[in-house]
Structure formats: C-alpha cells, structure tokens
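Undergrad: Dumping the structure here so I can ask a few things about it.
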Amino acid sequence: MEFIGSSYKGDTTNGRMDGKGEYTFPTETKYEGEMKEGMFHGKGVLHFPNGSKYEATWENGIAKQGSFTFADGLQYQEKDWDYCDGYDRRFYSERCNGLRPAGESQLSDLHPPHFIPDGCYDCGDGSYDPKARVVTSYSGRFLRNADDSEHEWILRTCRKAWDEAAGVDPENSVAF
C-alpha cells in the first residue's frame, strides 16, 4: 500500500483487511466501513476530497446498493431527477436559499465561484486546462487527465475563465 500511496487503519486477519477499517486512496478518497478478506464488504462509505460521499452495501469489493450525496447535501436520484434540467436551471443552493438579488446572479453553486486560471474551465471539481488536458483541484492539486469524451464535454458545457459573447465571431464582427 505504501508503494502506491494508499494506507489502511483498522482490523486485520492474516495480514489482510478484515473487519472495520479506513482505507485511504492516493487521491485522498477514503473508505470507512466493513472489510472482508482484503475487500470492501458490508456497509461502507466512500468520502471524496470535495466533500461528496457514496454510501453503499458492498459484496466482495462491488457496490450492490448505494446512494450518492454531493458536497452541498443534494442527494442524487436515479429516477425523476429534476435538478438543474432544462426546466429548472437553479443551483441546489438557490433551491434551498432562494435566488440572489438582481446583479448578483450565481455562476456556480458556490457564491462567489471558485477562481479559474486564464484559459481554463470550471469543471465542477476543479479547473481544466484544455492545452495540457489536465484537471486540477481548486487548490492546485492534480486530479486526473481528461479523456477525449470529458475534454469535449468540458469545452461544450463548462464555465470559462473569460467572458465571451455567445454567437459572436470577433474577426467578422463590425463595430458601430
């Protein structure tokens, strides 16, 4: 575990994780719960560095039934999900606390939003540099390399660090 940057605190049997314990991944994601023969087994919770969590019942390392809760307290619903869809574009904090006054519209669920470096995008759990194709946490820690699918999604949907008028081509525009 030390070689890959993970750690474990808890019960063991014959040198394997067995019983209750806490396993920390190199990404700082933590699993707290029951183990059996070195695997997640029984009730356990994955705590992600951004504050979200996944509570599940595990069988031999596989989540069989669980629920995901975002860092802001919003619970994911697989069916009848109406959060931030085409009909209701409010952020969860706006749904809980109401809309901000005119002139103070929210750009993200956090107000004020996280700082995004020039040329980068806000992809929810950090900033994305499209040239390096790297996602870093808001504190600057490496999170992951984006694959082609995530790269395209971020460019298409995420908040940019710069202002840009939609549908305007500056090279072909005429100033009045």
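Undergrad: How much net charge surrounds residue 56 when only the other residues with a Cβ under 15 Å from the Cβ of residue 56 are counted, with Lys and Arg +1 and Asp and Glu -1?
TA: Residues near residue 56 contribute 0 overall.
Undergrad: Taking a threshold of 25 Å on the Cα-Cα distance, which of the pairs 20/64; 9/36; 30/79; 30/64 fall above it?
TA: Numbers: 20/64 18 Å; 9/36 14 Å; 30/79 27 Å; 30/64 18 Å.
Violating the 25 Å limit, Cα to Cα: 30/79.
Undergrad: What number, in percent, do you get for the relative contact order of segment 1-78 if the mean sequence gap of Cα pairs under 8 Å and at least 6 apart is divided by its residue count? Spell out each step's value before the answer.
TA: Working: 169 pairs, mean separation 13.7, N = 78.
About 18 percent, as a whole number.
Undergrad: Note down the nm distance, to one decimal, between modelled labels 7 Å out along Cα→Cβ at residue 76 and at residue 133.
TA: 2.5
Undergrad: Now for a different question. Could you sort 127-134, 71-78 so that the peptide with the highest average Cβ count within 10 Å comes first and the rest follow in order? Mind dumping the intermediate values first?
TA: Numbers: 127-134: 16.1, 71-78: 12.1.
Put in order of decreasing packing, that is 127-134, 71-78.
Undergrad: Which percent of the accessible heavy-atom area of segment 108-151 goes to carbon and sulfur, probe 1.4 angstrom?
TA: Ligands and nucleic acids excluded, carbon and sulfur give 54 percent.
The values are calculated or read from the model by the stated rules, or taken from the named source; none is laboratory data. Being a predicted model, the structure only gives us computed values, none of them experimental. Note that each Cβ is placed from the backbone with ideal geometry, even for glycine, and that neighbours are counted across all protein chains shown. SASA here: full protein model, heavy atoms, side chains in, ligands and nucleic acids out. Shrake-Rupley method; radii C 1.70, N 1.55, O 1.52, S 1.80 Å.
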